[in-house]
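K.L.:
Could you have a look at this structure, given as structure tokens, before my questions?
The values are calculated or read from the model by the stated rules, or taken from the named source; none is laboratory data. In this text the structure is predicted, and so the values were computed from the model without any measurement. Glycine gets a Cβ as well: all are built from the backbone with ideal geometry, and neighbour counts include every protein chain shown. Note: accessible area is taken over every heavy atom of the protein model, side chains too, but ligands, DNA and RNA are not part of it. Shrake-Rupley method; radii C 1.70, N 1.55, O 1.52, S 1.80 Å.
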Amino acid sequence: MANKQQPSFTLAFVAAALILLAGQVTARREIIEVKGRGVTDPILEAKLIDMLEETERTKDKVPVLGNSEMVKYCDNAYGMSIGNLKKALGMLQRGIKSPQGFKELEAIVLVVMKAYEECDHVFAENAKPSPFGISNTKLKSLGTKCKQYAEEDAKQN
């Protein structure tokens, strides 16, 4: 009896695997032409918005954490990051006309990611755990995705 059920289980497993693989193949990201203005990438835009919103939420924690030089440093880093992310979003929403535009966007994301890293480093230099560590890890992960998408878009454009 066990042998009769085994082939159907195997077939079901193979069918499920094929369906999952087919879904991955068709889930290709595409950049969209903005009439007369270049191209944009809705998925990259959504990730940048996520990154911006998470940075704003993290910056909102600053008043609760006191007034140490380390916290002030991070507050400044988050403020600059918010400005840079808004710039990157604006570029993408207006449409990017060349691969160089996506490379510039990628460079902005790298600067932002460096700010998160430096915030954690300031606390580490003082032998203190960063109260922003969990948020910065999430932000760096989002930044890595944004950077990857910008690289791919530069190649497609």
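K.L.:
Quote the charge dipole size of segment 111-157 about the Cα centre in Debye, to the nearest 20; the model charges only the Cβ of Lys and Arg (+1) and of Asp and Glu (-1).
P.N.:
Values: 7 positive and 7 negative charges, 26 e Å.
Taking the Cα centre of segment 111-157 as origin, the dipole is about 120 debye.
K.L.:
Let me know the shape class of segment 42-155, please: from the alpha-carbon gyration tensor, a ≥ b ≥ c as square roots of the eigenvalues, rounded when a/c is under 1.5, otherwise prolate if a/b is greater than b/c, or oblate. Present the calculation step by step, with values, prior to reporting the outcome.
P.N.:
Numbers: a/c = 2.55, a/b = 2.17, b/c = 1.17.
Here segment 42-155 falls in the prolate category.
K.L.:
Using R₀ = 30 Å, calculate the FRET efficiency as 1/(1 + (r/R₀)^6) where r is the Cβ-Cβ separation of Lys140 and Gln100; round to 0.05.
P.N.:
Computed FRET efficiency for Lys140 and Gln100: 0.75.
K.L.:
Could you sort out which of Lys59/Lys86; Lys86/Lys128; Lys72/Lys145; Lys61/Lys145 sit more than 19 Å apart by Cα distance in this structure?
P.N.:
Table pairs above 19 Å Cα-Cα are Lys86/Lys128; Lys72/Lys145; Lys61/Lys145.
K.L.:
Give me the dipole magnitude in Debye, nearest 20, for segment 42-155 about the Cα centre, with unit charges on the beta carbon: positive for Lys and Arg, negative for Asp and Glu.
P.N.:
200
K.L.:
Please report the carbon-and-sulfur percent of the accessible area for segment 28-144; probe 1.4 Å, protein heavy atoms only, DNA, RNA and ligands left out.
P.N.:
Working: 3540 of 6370 Å².
Carbon and sulfur: 56 percent of the exposed surface of segment 28-144.
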